[in-house]
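**Student:** I have a structure here, written as C-alpha cells, and I will follow up with some questions on it.
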C-alpha cells in the first residue's frame, strides 16, 4: 500500500499494517459502496403520512432511520457508529416517500460538540424539559421542543442497537458506549467515541457538519490519560486514526464525476488561542498531523490557526505535511481574523473560539447559521462597459469606467440582500421569522439558542444568523480595468466602443492586439501596484457596500462580505465574454482570490504580496488565496524553510486564509489518462479537497491550469 505523495520522500509509517489496510480499503470505496447500496429508509407504509406536517414527517423519518439503518462494525475500528445510508451523500435526509426524499439537509455549519463531551445528552434532556414548562410557549414552539426530544430518543434507539451489537462481539466498544454520549466523557477514548457518535448520527440523518477545533475538544482528555499512564501516544494515535478512517465511509469506488467527491464539509481546525487567550496546540494537534501525513486522508480538510507566537515546531510540522500534497492542510491568520470579529462586535472571548462553517468561512461554532452566494465581478464590469447593451457608454477616463462598475456592483449587492435576506425573512408584530423554514431538528439540538428560543436552526434559532455575499472574479476584473486603462485611455489604441465590439466577437480578427495586451501589462499576482491597486480597490469597495447595507437594516440576519468563487468560475463560463486583458470566452479564469492562470510569473511571494494589499480584515466572512507550488521546490530542508517563510509572510502582510498545494502537472495528466491507478490522488479544489479522478474535464482543467509557483 503506497499512499500518494508529491514529495521526494515517502510518507512515514507509524500505524500498524492492519490499520493502514483498513484505511486503504476505505479510501478505495468499500464502505461508500455499501452505503449507496442501502440508500434510504422508506416511509410508504405509514398510514396518513402524506397529510402530516413537515415537522411530523421529519420526526418519523429520524426515528425510522435510528431503528432500521444498517449497523456496521469494522474489525480494526476503535470507535463505532456509521452513516450507512447513501442518500446522505446527496445532501438530503435519507428517507423517502414514494421514492422521493422528504427534504434537504443542512451543511455549512459546525455544530457544538464540546457540551456533549462535557455534559452528555442528559443535560440537553433536562434543559428541554425545563423549557417546556414555560406557559408562554406557542404551539409551534412546543412542537419544536418535542421534536428535539424525539432526536434524543432516536439517538438512544440507535445507541441501544450498537450496545446490543457490541455486547458479545466487541466488549471494548461496548464498555465505551455504556457511558457516552449520554453521560460526560471521562477519558480520551470515551471523548473520541462520543464525538464520533454524535457526528456520525448527524451524518446518518443526511447533514454535513464540520468538526471544528478537534485538538481543543480532545486535548485535555489526552493530557490526563498520558499523565496517568492510561494511554501512550501510540495508543491515542490508533484511536484517533479510527476517527479519520471512518470519516472516509462515503467514498465510493466509482464516484460520478463532477465537481469532485469529499465535499461533505467536515473540516477541522487546529491550534490557535482558546477563549482565555492561551495557545491550544497540544498532543492531539500533533496526532492529527501524523495521521493525515501518513494516510493522505483528505476528507477532513484541516486549517491551522497561526499567530505571531505559534510554536516554530508546529509550523515546521505543517510544512512537512504540506509538501506531500493534496491540499489537506491550510492556514488562518488568527490575529487578523480576531480583529475582523472585533469589528463586528464579538467579544474577545467568543471571537477566540472561531472555527469554520465546514468550508473555510469563519463563524462561531455551535452558535451560527450561515449561507453565502458569489457575485461575479467580471460580469459586473462587462455590464458597466456596455457589453450587454447595444453600445458602450462614452466614458472619458478609467475613473469613469470604475465609477460605472461601482454603481453596478452596488446593484449586485442590493440584489443579493433583497433575494437572500429581505426575500426570505419578514417581521410581523415585532417578531422576525423565516418565511420558508424547513425542519432541521438534529442540528438544531446542537446549536446554542435553539432550545432557549424554542426555534429551529432554519428559523432564526441560533445566536447568530449570517448571510454573506462573496465577490468572485476580482483578479479578472482588476486585470480588465488595467487593460482598459492602457488600451483605451493611455495609449488610445482603440476606443472603448471598439474594444467592446472586439470582446463581443471574442477577439475575432484582432489577434495581434490580443497578444499585445496579454504581455503589455504586469497583472495582479506579480506584486505590481498598477494592477494590485485596482484589485484592492474592488475588494475594499465591495466590503464597504455590503457593510453599509447591513448597517442600514434592522433585520437580525447579519449581512457580511467575503471573497471566493468556490469553483464557480466553471459555472460562470457560459455567461462570461472575452476579457479586455486578452482571455477568450470559455477560458477558465481566477479561482477564489488567486491570480488569473498564466498571468502570475514572479513566484508565490509576489502572489501573496499582491493579495495582501487589500484590507482583508474587512472581509468578515473570509478571503481565500490558493497557491500551487512546484514539488521539486520543496525538497529537503530548504523546502521546509520555504513553506514556513511563505506562511510567516502571509501573516505579516495581512492575509486571511492561505491554501498551499503541491502537485506535479505531469502526475495530473497521467491520472487523467489512467484514473484507475490514481483513485486516492487528492487535490485542493476550492473550499474542499477532491480526489482528482472524480472531477470532470472542466474541473480537472481548472486544477491543471493553475500557475505553479516557486516559493519565492
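**Student:** Just to check your reading of the model, which residue among 137, 176 is over 27 Å from the mean Cα position of the chain (by Cα) and not in a helix (DSSP H, G or I)? Outline the logic, then answer.
**Tutor:** Details: 176 fails: not in a helix (DSSP H, G or I).
137 is the lone residue from the list that is over 27 Å from the mean Cα position of the chain (by Cα) and not in a helix (DSSP H, G or I).
**Student:** Let me ask another. Scanning the range 348-362 for residues that are assigned to a loop (DSSP other than H, G, I, E, B) and within 8 Å of the chain's Cα centre (by Cα), which turns out farthest from residue 685 (Cα to Cα)?
**Tutor:** Of the range 348-362, the ones assigned to a loop (DSSP other than H, G, I, E, B) are 352-354, 357-361.
Adding the requirement that they be within 8 Å of the chain's Cα centre (by Cα) leaves 357-361.
Details: 357: 17, 358: 14, 359: 11, 360: 12, 361: 15 Å.
Taking the candidates together, the pick is 357.
**Student:** Moving on to the next point. Tell me which residues, restricted to the range 420-452, are more than 18 Å from residue 123 (Cβ to Cβ) and not in a loop (DSSP other than H, G, I, E, B). Don't jump to the end; show me each part of the working.
**Tutor:** Of the residues in the range 420-452, the ones more than 18 Å from residue 123 (Cβ to Cβ) are 420-440.
Passing the criteria: 420, 421, 422, 425, 426, 427, 428, 431, 432, 433, 434.
**Student:** Of the residues 76, 56, 100, which is crowded, with 16+ Cβ neighbours inside 10 Å, out of contact with any strand residue (DSSP E or B) (no Cβ under 9 Å at 6 or more places or on another chain) and without any contact (Cβ under 8 Å) to a residue 24 or more places away in the chain?
**Tutor:** Working: 76 fails: without any contact (Cβ under 8 Å) to a residue 24 or more places away in the chain; 100 fails: crowded, with 16+ Cβ neighbours inside 10 Å.
Within the list 76, 56, 100, the selection yields 56.
**Student:** If you don't mind, there's one more thing I want to ask. Which one is nearest to residue 376 (Cα to Cα) among residues in the range 389-411 that are surrounded by 19 or more Cβ atoms within 10 Å (Cβ to Cβ) and at pLDDT 95 or above? Spell out how you get there, then give the answer.
**Tutor:** If we filter the range 389-411 for residues that are surrounded by 19 or more Cβ atoms within 10 Å (Cβ to Cβ), which is where we start, we get 392, 395, 401-402, 405, 409.
This time we only want the ones that are at pLDDT 95 or above, so: 395, 401-402, 405, 409.
Details: 395: 22, 401: 17, 402: 16, 405: 12, 409: 10 Å.
Taking the candidates together, the pick is 409.
**Student:** Checking residue 690 against (1) under 28 Å from residue 518 (Cβ atoms); (2) part of a strand (DSSP E or B), which test does it fail?
**Tutor:** Every condition holds for residue 690 apart from (1).
**Student:** A further question on this structure: Taking the options 379, 352, 367, name whichever one is closer than 21 Å to residue 418 by Cα and in contact (Cβ under 8 Å) with a residue 40 or more places away in the chain. Reasoning before the result, please.
**Tutor:** Working: 352 fails: closer than 21 Å to residue 418 by Cα; 367 fails: closer than 21 Å to residue 418 by Cα.
Matching residue, one of 379, 352, 367: 379.
**Student:** Is it the case that residue 296 is modelled with pLDDT under 95 and surrounded by fewer than 24 Cβ atoms within 10 Å (Cβ to Cβ)?
**Tutor:** Numbers: modelled with pLDDT under 95: yes; surrounded by fewer than 24 Cβ atoms within 10 Å (Cβ to Cβ): yes.
Yes, satisfied.
**Student:** Answer with yes or no whether residue 209 is touching a residue at least 24 places away in the same chain (Cβ under 8 Å), within 18 Å of the chain's Cα centre (by Cα) and closer than 30 Å to residue 671 by Cβ. Can you show your working first?
**Tutor:** On the way: touching a residue at least 24 places away in the same chain (Cβ under 8 Å): yes; within 18 Å of the chain's Cα centre (by Cα): yes; closer than 30 Å to residue 671 by Cβ: no.
Answer is no for this residue.
**Student:** Same structure again: What about residue 243, is it in contact (Cβ under 8 Å) with a residue 40 or more places away in the chain, under 16 Å from residue 682 (Cβ atoms) and in the same structural domain as residue 193 (by TED's automatic domain parsing)? Before you say what the answer is, go through the steps one by one.
**Tutor:** Numbers: in contact (Cβ under 8 Å) with a residue 40 or more places away in the chain: yes; under 16 Å from residue 682 (Cβ atoms): no; in the same structural domain as residue 193 (by TED's automatic domain parsing): yes.
In short, no.
**Student:** Here are some conditions: (1) farther than 24 Å from residue 212 by Cα; (2) part of a loop (DSSP other than H, G, I, E, B); (3) in contact (Cβ under 8 Å) with a residue 40 or more places away in the chain. Residue 128 meets all but one. Which one does it not meet?
**Tutor:** Answer for residue 128: the failing condition is (2).
**Student:** For residue 493, which of the numbered conditions (1) crowded, with 16+ Cβ neighbours inside 10 Å; (2) farther than 29 Å from residue 413 by Cα fails to hold?
**Tutor:** Just one mismatch for residue 493, condition (1).
**Student:** Also, quick follow-up: Would you check which residues across the range 395-419 are free of Cβ contacts under 8 Å to residues at least 40 places away in the same chain and part of a loop (DSSP other than H, G, I, E, B) and list them?
**Tutor:** 396
**Student:** Now for a different question. Go through the range 74-104 and count every residue that is under 29 Å from the mean Cα position of the chain (by Cα) and assigned to a loop (DSSP other than H, G, I, E, B).
**Tutor:** Going through the range 74-104, the residues under 29 Å from the mean Cα position of the chain (by Cα) turn out to be 74, 77-96, 100-104.
Now drop any that are not assigned to a loop (DSSP other than H, G, I, E, B), which leaves 74, 77-85, 91, 93-94, 102-103.
Selection size over the range 74-104: 15.
**Student:** Right, another one. Would you confirm, using the coordinates I've provided, whether residue 579 is assigned by TED's automatic domain parsing to the domain that holds residue 540, modelled with pLDDT of 95 or more, more than 25 Å from the chain's Cα centre (by Cα) and in a loop (DSSP other than H, G, I, E, B)?
**Tutor:** In short, yes.
**Student:** Let me ask something else about it. Being assigned to a helix (DSSP H, G or I) and surrounded by fewer than 23 Cβ atoms within 10 Å (Cβ to Cβ) is the filter here, so list the residues in the range 370-379 that pass it.
**Tutor:** Step one: list which residues in the range 370-379 are assigned to a helix (DSSP H, G or I), which gives 377-379.
Of everything in the range 370-379, just one residue is assigned to a helix (DSSP H, G or I) and surrounded by fewer than 23 Cβ atoms within 10 Å (Cβ to Cβ), namely 379.
**Student:** For the range 613-646, which positions are farther than 17 Å from residue 318 by Cβ, surrounded by fewer than 18 Cβ atoms within 10 Å (Cβ to Cβ) and modelled with pLDDT of 95 or more?
**Tutor:** 615
**Student:** Of everything in the range 1-42, what is in contact with a strand residue (DSSP E or B) (Cβ under 7 Å, 6 or more places away or on another chain) and in the same structural domain as residue 67 (by TED's automatic domain parsing)? Give them in sequence order.
**Tutor:** Result: 40, 41, 42.
**Student:** Assuming residue 285 fulfils every condition listed in (1) assigned to a helix (DSSP H, G or I); (2) over 23 Å from the mean Cα position of the chain (by Cα) apart from one, which condition is it?
**Tutor:** For residue 285, the exception is condition (2).
Rundown of residues vs (1) under 32 Å from the mean Cα position of the chain (by Cα); (2) more than 30 Å from residue 559 (Cα to Cα); (3) in a helix (DSSP H, G or I); (4) outside the structural domain of residue 392 (by TED's automatic domain parsing), yes/no style:
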position	(1), (2), (3), (4)
456	yes, no, no, no
468	yes, no, no, no
485	no, yes, yes, no
493	no, yes, no, no
508	no, yes, no, no
519	no, yes, yes, no
530	no, yes, yes, no
536	yes, no, yes, no
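**Student:** If you don't mind, there's one more thing I want to ask. Which condition breaks for residue 489 when tested against (1) within 30 Å of residue 130 (Cα to Cα); (2) part of a helix (DSSP H, G or I)?
**Tutor:** (1)
**Student:** Here is a follow-up. Looking at this structure, is residue 144 surrounded by 14 or more Cβ atoms within 10 Å (Cβ to Cβ), touching a residue at least 60 places away in the same chain (Cβ under 8 Å), assigned by TED's automatic domain parsing to the domain that holds residue 74 and in a helix (DSSP H, G or I)? Let's see the steps before the verdict.
**Tutor:** Values: surrounded by 14 or more Cβ atoms within 10 Å (Cβ to Cβ): yes; touching a residue at least 60 places away in the same chain (Cβ under 8 Å): yes; assigned by TED's automatic domain parsing to the domain that holds residue 74: yes; in a helix (DSSP H, G or I): yes.
Spelling it out, residue 144 is indeed surrounded by 14 or more Cβ atoms within 10 Å (Cβ to Cβ), touching a residue at least 60 places away in the same chain (Cβ under 8 Å), assigned by TED's automatic domain parsing to the domain that holds residue 74 and in a helix (DSSP H, G or I).
The values are calculated or read from the model by the stated rules, or taken from the named source; none is laboratory data. On a predicted model such as this, the values are computed, not experimentally measured, just so you know. No Cβ is skipped: glycine too gets one built from the backbone with ideal geometry, and neighbour counts run over all protein chains shown.
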